[in-house]
Amino acid sequence: MSRPLNLARRPLRNERLPTLLLSAGCGALLVFSAGHALAARDVLPGRTTNVEREVVALDKELDELRAESAELGARAAAPDAVREWAVARTLVDGRAFSWTGLLGSLEQIVPPGVRLVSIDPHEAEGGIEVVLNAVGRTAEDGLAFFKALQASKDFERPFLTGVADGPDGVDLSYTMGYRAAAGRGGVKR
C-alpha cells in the first residue's frame, strides 16, 4: 500500500477551539469596555450639571431661611400677644406649683392653737412668695407659729405683717419665701 500523497509541509491542524475562545474573550472585553464607557459618561462634567443645580438651589434656600430667621428674631411681638402669653405662662406656672408640698410643709409646723384661713402663693423675684392668713387662739400661738416658720428649712425670711384681735381669736398675717423641696414629688394641682 502506498501512503496518501500530502503536498503540505505541515499537516493541517484543527484550530477552531482556540479561535472560538479568543473570539469569546474579545467579545467579553468589548462588553466590559462598553459598560465602563457608559459609567464614565455619567461622571463627565457635562452630566454633573443637574447635581450642581441642586446644590445651588439648596444653598439659595439655606440663605433664604437664614434671612427669614434673622428677620423673625428682630421682630417685636405685639403688646396684645405679649399680655396673652404672660397670662398663659402664669397659668402654666400655677399648674407647676406643688400644693401638696406646701401643705405638707405647713402641716408639720402649724401649732395646735392656730388655724390657717388663706394661703396665697405667687411668683416673686427670688422664687415663690407665700402670704398666709391665720387665726390663733392667743397671740402666743401666733408667735409659736412664727418661730416654727423661722426654724423650717422650707420657708425663708418669714415676716409677721399683721396682728389684730378678731371674733375667733387673734388674726395673723405672714409673708415668707417658699423653697419647694425638689425631691418631694407629690401630686401637682
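Computed on the Cα trace of segment 98-184, the radius of gyration divided by the Kirkwood hydrodynamic radius gives Rg/Rh = 0.96.
Counting other Cβ atoms within 10 Å, keep those with at most 12, restrict to DSSP loop, and tell me which trypsin sites (Lys or Arg not before Pro) in segment 29-82 are left.
Listed in order of number, the matching sites are ARG47, ARG75.
For the chain, the 222 nm mean residue ellipticity estimated from helices alone, with every DSSP H stretch of n ≥ 4 adding -39500 (n - 2.57) and the total spread over all residues, rounds to -17000 deg cm²/dmol. Rounded to the nearest 10 degrees, the inclination of helix 49-74 to the longest alpha-carbon principal axis of the chain is 10 degrees. Of the GluC sites (Glu not before Pro) found in segment 13-91, those in coil by DSSP whose Cβ has at most 13 other Cβ atoms within 10 Å are GLU15. Evaluated over the Cα positions of segment 21-75, the convex hull gives a direction-averaged projected area, one quarter of its surface, of 4.8 nm².
Read-outs throughout are calculated quantities, based only on the coordinates presented, and are distinct from any laboratory measurement. From a predicted model like this one, the values you see are computed outputs, not experimental measurements. Heads up, the Cβs are rebuilt from the backbone with ideal geometry, glycines too, and the neighbour counts pull from every protein chain shown.
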